[in-house]
Every structure is written in C-alpha cells, then in structure tokens.
Amino acid sequence: MRINDLRHRVTLQKKNVIKDSEGLVTETWIDVATVWAAVEPLRGREYFEAAVVNAENIVRIRMRYRDGVKPDMRVIYSGRIFNITSVIDIDERHREMHLMCREVTAG
C-alpha cells in the first residue's frame with residue numbers, strides 16, 4: 001500500500017443502543033476514529049423495489065490495519081454513509097485492511 005493512495009478522510013462509527021427507563025430503544029452512531037483511506041468504487045446498479053428506484057453502490061475502502069473494526073460498523077465519507085459488509089485483513093499481516101461496503105440511497 002502506498003501512502004499517497006490514502007487521500008480520503010473517512011470516519012468509522014459504531015452503533016450505540018440505549019434503552020431508557022420506559023423500555024424504549026434509541027439507536028445512535030458514535031465516532032470511533034477518523035483515518036486516511038482510499039475509497040474505490042467497484043460497481044453500481046439500480047433496482048426497483050416497491051415502486052421506488054434505488055441505487056446501490058459497492059465500494060472498497062483500503063486503510064491501514066485497525067483492530068476492532070467489524071461488519072456491524074459503518075463508514076462516513078464526504079457526507080455519504082457506507083455500511084460495512086466485510087472486513088478483510090490483507091495477508092493476515094495486520095498492516096492493511098479492506099472494508100467492503102454498500103451504500104444504498106433511495107432515488
């Protein structure tokens with residue numbers, strides 16, 4: 001991985017579930033870290049669901065290895081939200097990781 005490839009600033013977030021005294025559950029997202037990464041679009045498609053056109057983008061985010069990153073987290077990049085679908089530790093060397101992410105926006 002070349003350092004000049006990591007030119008995008010992304011924020012990793014994890015879900016925080018809070019249950020109040022009345023038993024109501026509130027989900028919020030908490031920033032875990034802001035790091036330099038490479039954001040690489042892989043493919044996109046449009047599909048119809050319940051008479052609404054949706055756009056789906058699959059993106060690979062390459063970054064330095066960071067312990068604790070899990071598929072139940074998400075990435076914020078340039079005001080866009082990407083749900084992490086898989087976390088890949090390249091060559092199992094704890095040096096570089098790829099996050100396979102999906103952005104789904106209603107069109």
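The values are calculated or read from the model by the stated rules, or taken from the named source; none is laboratory data. Because the structure is predicted, anything quoted here is derived from the model rather than measured. Note: ideal-geometry Cβ built from the backbone for every residue, glycine included; neighbour counts use all protein chains shown.
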Legend entry - Residues being over 30 Å from Ile90 (Cα atoms) and either assigned to a strand (DSSP E or B) or under 18 Å from the mean Cα position of the chain (by Cα) (or both) - total across segment 1-27: 6
Legend entry - In segment 42-90, the residues that are at pLDDT below 95, of a type in the set (Gly, Ala, Ser) and on the phi < 0 side of the Ramachandran plot: Gly44, Ala55
Inset, instruction - Could you tell me whether any residue of segment 72-90 is part of a loop (DSSP other than H, G, I, E, B), in contact (Cβ under 8 Å) with a residue 12 or more places away in the chain, surrounded by 13 or more Cβ atoms within 10 Å (Cβ to Cβ) and touching a strand residue (DSSP E or B) at 6+ places or on another chain (Cβ under 6 Å)? - result: yes
Inset, instruction - Quick one: count up the residues across segment 91-107 that are at negative phi and outside any strand (DSSP E or B). - result: 3
Legend entry - Top-ranked residue in segment 1-25 [being of a type outside the set (Lys, Arg) and surrounded by 11 or more Cβ atoms within 10 Å (Cβ to Cβ); ranked as modelled with the lowest pLDDT]: Met1
